[in-house]
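Report on the structure given below.
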Amino acid sequence: MARKVKQAGPREEPFIGADGEYPESGMSAPDADPEWVGRIRLRLVDWYEGAGRKLPWREDRDPYRILVSEMMLVQTTVTAVVPFFARFLARFPTVSALAEADEADVLKAWEGLGYYRRARQLQAAARAIVANHGGAFPDDPEAIRALPGVGRYIAGALLSFAFDRPAPIVEANTQRVLARWLAWGDDLRSTRSQARLWEAAARLVPHAGAGAFNQAFMELGALVCVPRKPLCLACPVSGDCASRKLGVQDRIPIATAKTSPKEVSEACVLVSREGKMLIVKRGTGRLWEHFWEFPTIHVAGSDPAGRGLVEGETTDLDEGLRRLTGVRASIGPVARTVRFGVTTHRVTLEAHEAEWLEGEPTPGPGLVEAAWEPVEALDRYTLSSASRRLVAWLGQK
Ligand code: SF4
């Protein structure tokens, strides 16, 4: 008999009620049933043995490789991470090598992956492991959670993948799978939803074989229970999926309205002098800290990067350049426009070419260094993503 299901929407009741009952079907929360849990574990791991992808960080249980991969995979796809992972491991093959490295070298090896805060946290974690644990990864949940940048999810991944501890994981893939298994019709970002999903993940993870189960769980979300149009006909656990039973798998997780990005305008100056370009290094405590860029001023909109010169101080490029670097230049019209996203901001950066007139570079507000370098040498610097794109453009001219 076809079941009648309420229309989904962010403001409506979840398909499953707070008491664990499905309001219109009389079903109970499946994860309260040990038999359901047992079937899911068995079928998922069986399926994964044949269908799981061979990924470089799955080759062994080395916690260092697992930590590097998990830090890289934050907000980034597996396909994008694979080549970075190999290069990073070749450059910093052990936790000690990473702990001892210069931060600039680590950021350079991370260049192109984005989310540089992750690279800094990864190195801080490596330094904590060397300083507090003699270079050996702790396998104690509290010690792992105390590492910089290691939240509940990464701790669960480390504990289960490296040490086979029964630690639950909830991340983008598994929270979608869980929401569908439970027919969870509430906004996944809510505290109530997160608490419920972590509870279900904890019930599901087995005491033996936790690593294989969690890998299989994530892989199902990546390959089969995908965000749009889940491949239910190929799903090893379709018979135990509440969403599929209720016919709501295409409506779960509930889509929530995204807030529009804030528009920001910036301008930078590509000052040249006898074949060299003027670049500046950002100071501590702001986005892009310790990154090099072309002298840049904030023109309009909220300021995502905390530029040294902010709106209201000056939107005049001549004056901005002088205050940022002590240099005067003959500045031309916009030569190149670069658009990029930073956190919740959408930035439009207009780059002007300019010829040096006078003044030796001195770092101004928010900056710690200034230098002249030929375009071909700029690749050695850790550049902000926008400056890297401008350097690539300059190199092609
Ligand atoms: Fe996802 Fe469909 Fe499998 Fe349910 S049956 S877990 S919705 S792929």
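The values are calculated or read from the model by the stated rules, or taken from the named source; none is laboratory data. Predicted, not measured: the structure shown is a model, and the values here were computed from it. Backbone-built Cβ (ideal geometry, glycine too); neighbour counts: all protein chains shown.
Being more than 16 Å from the ligand (Cβ to nearest atom), closer than 27 Å to LEU383 by Cα and either assigned to a strand (DSSP E or B) or out of contact with any Lys or Arg (no Cβ under 8 Å at 6 or more places or on another chain) (or both), is that true of even one residue in segment 204-212? No: zero hits.
Of the helices (runs of 4 or more DSSP H) entirely within segment 137-202, those holding at least 2 residues that are surrounded by fewer than 19 Cβ atoms within 10 Å (Cβ to Cβ) occupy 141-145. Within the set ILE169, ILE154, the sole residue that is out of contact with any Asp or Glu (no Cβ under 7 Å at 6 or more places or on another chain) and more than 12 Å from the ligand (Cβ to nearest atom) turns out to be ILE169.
With β-branched (Val, Ile, Thr), within 14 Å of the ligand (Cβ to nearest atom) and out of contact with any helix residue (DSSP H, G or I) (no Cβ under 8 Å at 6 or more places or on another chain) as the only criterion, which of VAL226, VAL264, VAL237 stands out? Sole residue among the options that is β-branched (Val, Ile, Thr), within 14 Å of the ligand (Cβ to nearest atom) and out of contact with any helix residue (DSSP H, G or I) (no Cβ under 8 Å at 6 or more places or on another chain): VAL226. Among the residues of segment 50-72 satisfying the criterion of being surrounded by fewer than 16 Cβ atoms within 10 Å (Cβ to Cβ) and without any contact (Cβ under 8 Å) to a residue 24 or more places away in the chain, which is nearest to SER160 (Cα to Cα)? So the residue we want is ASP60.
Within segment 358-387, the set of residues being modelled with pLDDT under 90 and polar (S, T, N, Q) comprises THR382, SER384, SER385.
Residues that are away from the ligand (no atom under 12 Å from the Cβ), without any contact (Cβ under 8 Å) to a residue 40 or more places away in the chain and outside any loop (DSSP other than H, G, I, E, B) do not occur anywhere in segment 241-251. Screening segment 50-120 for helices (runs of 4 or more DSSP H) wholly inside it with 3 or more residues that are under 20 Å from the mean Cα position of the chain (by Cα) and of a type in the set (A, V, I, L, M, F, W, C) returns the ranges 63-73, 78-91, 103-110. Does ARG244 fit the bill of being modelled with pLDDT under 95 and out of contact with any strand residue (DSSP E or B) (no Cβ under 7 Å at 6 or more places or on another chain)? Judged against the criteria, ARG244 is a match.
Cβ-Cβ distances below 9 Å connect no pair with a first residue in segment 73-87 that is over 16 Å from TYR115 (Cα atoms), a second residue that is surrounded by fewer than 12 Cβ atoms within 10 Å (Cβ to Cβ) and at pLDDT 90 or above, and a separation of six or more residues or different chains.
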